[in-house]
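Student: Mind having a look at this structure? Questions to follow.
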Amino acid sequence: MEVLLEKENYTFILDKQFDYKYLAPIGRYVQWKLEHQHWDDYNELYHATRLVENLLRNPEVWIDSHAILKNNAPAGVILMVGGKIKKLEDKYPIINEDQSLLLKYFHIQDKGQGLGSFWLNSIILPYYRALEFKEIYVNSSHPHSFGFYRRIGSLINTYQQPSDNNRYTREGSCFKVNL
């Protein structure tokens, strides 16, 4: 585990080894949806866990786990995936696979405070730019995040997918962030 930055009571880390504790902010978000009647028939924790299990079994890809620790507890997570990522994505072409990454599961516990923008723009993007990556692709089916991703990247596709129990159709957008 590498500490990338410490700011106030937050520690921004990078871990080359995956630890399931990093998914805790996603679990808290799912719990919040249940408790506040925002259930949308989509369990992000289940999908994140399934994705990680598949990635860990795939020797052609790698995962960087980025986390925000608040008082040593995970308060944010970003999973960056590299390697043979073309095989993982069918919604758009990835031209320069060796210089591209997939950003997966960007969740922050303390929303609306600018922490996510700071983390992505001041730590994550500069880190991968320094490693000479050229583009990051991100998909989201959370409409509240679309404006954020449009500010840092460009919309390259849209998609639809059924919710977990086919109760709803989820509208998603795909973005490319140039480094």
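The values are calculated or read from the model by the stated rules, or taken from the named source; none is laboratory data. Please read these numbers as outputs of a predicted model, since none were measured by experiment. Virtual Cβ from ideal backbone geometry, glycine too; neighbours counted across all protein chains shown. Areas reflect the complete protein model, heavy atoms only, side chains present, ligands, DNA and RNA absent. Shrake-Rupley method; radii C 1.70, N 1.55, O 1.52, S 1.80 Å.
Student: Given the structure, is Arg28 open to solvent by 60 Å² or more (accessible area, probe 1.4 Å), touching a residue at least 24 places away in the same chain (Cβ under 8 Å) and either part of a helix (DSSP H, G or I) or among the β-branched types (Val, Ile, Thr) (or both)? I'd like the intermediate steps shown before the answer.
Tutor: Working: open to solvent by 60 Å² or more (accessible area, probe 1.4 Å): yes; touching a residue at least 24 places away in the same chain (Cβ under 8 Å): yes; either part of a helix (DSSP H, G or I) or among the β-branched types (Val, Ile, Thr) (or both): yes.
When the stated conditions are applied, Arg28 passes them.
Student: Another question about this same structure. Out of Lys70, Lys33, report the one residue that is open to solvent by less than 80 Å² (accessible area, probe 1.4 Å), without any contact (Cβ under 8 Å) to a residue 40 or more places away in the chain and among the basic types (Lys, Arg). Break it down stepwise before answering.
Tutor: On the way: Lys70 fails: without any contact (Cβ under 8 Å) to a residue 40 or more places away in the chain.
Unique residue meeting the criteria: Lys33.
Student: Mind counting the residues in region 31-46 that are more than 23 Å from Gly114 (Cα to Cα) and outside any helix (DSSP H, G or I)?
Tutor: Residues that pass the stated criteria total 6.
Student: Take region 47-62 and flag every residue that is surrounded by fewer than 13 Cβ atoms within 10 Å (Cβ to Cβ) and either free of Cβ contacts under 8 Å to residues at least 24 places away in the same chain or assigned to a helix (DSSP H, G or I) (or both).
Tutor: Our first condition is that a residue be surrounded by fewer than 13 Cβ atoms within 10 Å (Cβ to Cβ); within region 47-62, this holds for 50, 53-54, 56-57, 59-60.
Matches in region 47-62: Arg50, Glu53, Asn54, Leu56, Arg57, Pro59.
Student: Can you name the residue in region 110-153 that is under 13 Å from the mean Cα position of the chain (by Cα) and in a loop (DSSP other than H, G, I, E, B) and, of all such residues, is modelled with the lowest pLDDT?
Tutor: Top of the filtered list is His142.
Student: Would you confirm whether any residue within region 152-171 is within 25 Å of Leu14 (Cα to Cα) and either surrounded by fewer than 18 Cβ atoms within 10 Å (Cβ to Cβ) or without any contact (Cβ under 8 Å) to a residue 40 or more places away in the chain (or both)? Break it down into steps so the answer makes sense when it comes.
Tutor: If we filter region 152-171 for residues that are within 25 Å of Leu14 (Cα to Cα), which is where we start, we get 152-153.
Filter once more, keeping what is either surrounded by fewer than 18 Cβ atoms within 10 Å (Cβ to Cβ) or without any contact (Cβ under 8 Å) to a residue 40 or more places away in the chain (or both): 152-153.
Among the residues of region 152-171, at least one is within 25 Å of Leu14 (Cα to Cα) and either surrounded by fewer than 18 Cβ atoms within 10 Å (Cβ to Cβ) or without any contact (Cβ under 8 Å) to a residue 40 or more places away in the chain (or both), which makes the answer yes.
Student: Tally up the residues in region 96-143 that are among the acidic types (Asp, Glu) and open to solvent by 50 Å² or more (accessible area, probe 1.4 Å), please. If you could, list the steps in order and put the result at the bottom.
Tutor: From region 96-143, those among the acidic types (Asp, Glu) are 97-98, 110, 132, 135; that's our starting set.
Pick out the ones that are also open to solvent by 50 Å² or more (accessible area, probe 1.4 Å) and you get 98, 132.
Within region 96-143, residues that are among the acidic types (Asp, Glu) and open to solvent by 50 Å² or more (accessible area, probe 1.4 Å) number 2.
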